[in-house]
Structure formats: structure tokens, C-alpha cells
Amino acid sequence: MDMEAITVGIREFRADLAEYIAANMPVAVTRHGQTVGYFIPAHGQAEAHLAAMKKASEILDDLLTGRGVDVEEVVSEFKAVRRASTGKGKTGAKSA
């Protein structure tokens, strides 16, 4: 099965969500030209897809480990960037 993702903007994705849920293709969701996430419909052969995703996850883990990438550090950096970007432009934000 070909799992190449189609790419759509976040507004289009939200507007046509029902179509993407019914589709059999993954969707790369973009915002301002940057990929912000992937949507993978989970129906039909869900167990086969889940097994494929687990295998892909294992391969990715092996690749990252082989290159000396600290996954926890990457996750921590992602969370820090996410916190910083969600705080932009907001007024009256609560401080921790």
C-alpha cells in the first residue's frame, strides 16, 4: 500500500475533515507552509496499519539511536519551542 501523504493547509483540512477521515491516505497538515502535523485515517485494516506504524517507530528509534540523538532532549526542545510559540501574541497570559 502506498502511504505517500497528501499536503493540505490547516484551514482546508478543518473544512474538509470528513473527507480526510473517509480517505485511505495520510494527510500532512501545514500552517504557513510548514508541516505542523500528520493525520492518518484509522479504519479498515486498522491492525495492519498499527503494526506498520509500530514497525516504523522501531526503525525510527534505531536510526535516532544510531546517530546519537537523545530522544528525550528532542522532546524537551520541542516542548520548549511549542510553549514559546503559543505564548506569542497573547495578552493576559497566566504565568506559572
Checklist entry - Where does the charge balance sit around PHE13 when Lys and Arg score +1, Asp and Glu -1, over other residues with C-beta under 15 Å from its C-beta? => result 0
Item to check | Nonlocal amide H pairs with THR7, under 5 Å, H built at 1.01 Å | outcome: ALA28
Checklist entry - So if we plug the beta-carbon distance of HIS32 and VAL81 into 1/(1 + (r/R0)^6) with R0 = 22 Å, what FRET efficiency do we get, rounded to 0.05? => result 0.90
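All of the numbers you see were taken from the coordinates with simple rules; none came from a lab. Values in this document were obtained by computation on a predicted structure and should not be read as measured data. As a convention, Cβ positions derive from the backbone with ideal geometry for all residues, glycine included, and neighbour counts pool all protein chains shown.
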